[in-house]
Each structure stands twice: as C-alpha cells, then as structure tokens.
Amino acid sequence: MAEGFVATSTITIGAPRERVWAVLTDPDATREFMFGTDLETDWTVGGPIRWHGVWEGRPYSDHGVVLEFEPGRRLVNTHFSPLSGDADVPENHHTLTWTLEDADGGTVLTLEQDGNRTTEARDHSQGMWDSALAKIKELAERE
C-alpha cells in the first residue's frame, strides 16, 4: 500500500452482494457512478484498467492495473490520473480497495484509497468516493 492518508467510504446497500458487484463492474453503470467515465478492462489480474472521460472541460485518460478480482467480494486496482498534475510514477499511484460484505439482507460496500499526501487530499477524495458510493447504492437498489 502506498504511504499517505487513506480515504475510506462505506455505505450499506439494500441489495445482495452479487447485484452490487454487477453494478460495480459494469461499464454502463460505471459511467453513471464515476462521473461519466468510460471504463475499459477485461478484469484480468495483472491486466490494465482505464477510465476515459472529460472533467471540467478537460479530456483525461486515467489508468491502473487490476491487482485482485474476487467476484462478489473484493476488487483491488491501482489508479493514476494525469489531472492530478503529478508525474506518472508509481509513488503517485493510488490503490483502490473495494470490499463487499453481507449485512442484514443487504451489502456493506467499502472503498479505501491510499496515497493521499495530506488530510485535505484525503478529505477531498473521500467526498468524491462518498458521492460515487451513493450512486452505486441508487443503481443497485433500482433493479
């Protein structure tokens, strides 16, 4: 895990883990909860994952590597965004750890993002992820 402050977002979703997992890994759903981004990956461990989109009028292409893929339970991938203004070197990549757990007929979804350099950066990331998880909840509970 990269050093730095860890942003942690958790939400309880009134849907089974399999449904939440389907939302989490579906490119169409990803577009909705990841701020309009297009997802490209085959979910192979060690394989690439890319997100393309436009943020505040600027096109971007974020990238990472799938580190773990345990359907219905856990997804871990690295993430780097050139919009950060940082150099594309390993110490500037985050690790995103998505964990799904059963909870009273629903699912607890937790996302941890490491590598935030300051508490302000952590809080900013956590706010973004809180918004994304709320959208995942909405999508998973919709059907």
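Summing +1 for each Lys or Arg and -1 for each Asp or Glu, what net charge is found among the other residues whose Cβ lies under 13 Å from the Cβ of W43? Before the final figure, lay out the partial values.
Working: positive: R50, R74; negative: D26, E40, D42, E68, E70.
Charge balance near W43 sits at -3.
Give the peptides 77-83, 53-59 in descending order of average Cβ contacts within 10 Å, highest first.
Values: 77-83: 17.6, 53-59: 10.0.
Highest mean packing first, the order is 77-83, 53-59.
Report the one residue of A132, L96, A121 whose Cα lies farthest in the direction of the positive end of the charge dipole of the chain (charges on C-beta: Lys and Arg +1, Asp and Glu -1; origin at the Cα centre).
Checking the options against the dipole of the chain, the answer is A132.
Round to a whole angstrom and tell me the spacing of the C-alpha centers of region 31-59 and region 74-118.
With region 31-59 and region 74-118 each reduced to a Cα centre, they are spaced 14 Å.
Using only Cα atoms, find the angle between the long axis of helix 119-142 and the longest principal axis of the chain, and express it within 0 to 90 degrees, rounded to the nearest 10.
That works out to roughly 30 degrees.
Rounded to the nearest 0.05, what FRET efficiency is calculated for T110 and R58 with R0 set to 35 Å and r the Cβ-Cβ distance?
That pair, T110 with R58, gives E of 0.70.
Which semi-axes, in whole Å and largest first, does the equivalent ellipsoid of the chain have when worked out from the alpha carbon gyration tensor as the square roots of 5 times its eigenvalues?
Taking √(5λ) for each Cα gyration eigenvalue gives 23, 16, 15 Å.
Output the Kirkwood hydrodynamic radius of region 1-71, Cα pairs only, in Å rounded to one decimal.
Evaluated over region 1-71, this radius sits at 14.0 Å.
What nm distance separates the two modelled labels at R117 and E32, each placed 7 Å from Cα along Cα→Cβ?
Each label point lies 7 Å from its Cα, and together they span 3.6 nm.
Each value in this text was obtained by applying a stated rule to the coordinates, not by laboratory testing. Quantities reported herein were computed from a predicted structural model and do not represent experimental measurements. Neighbour counts run over all protein chains shown; Cβ positions are idealised from the backbone, glycine included.
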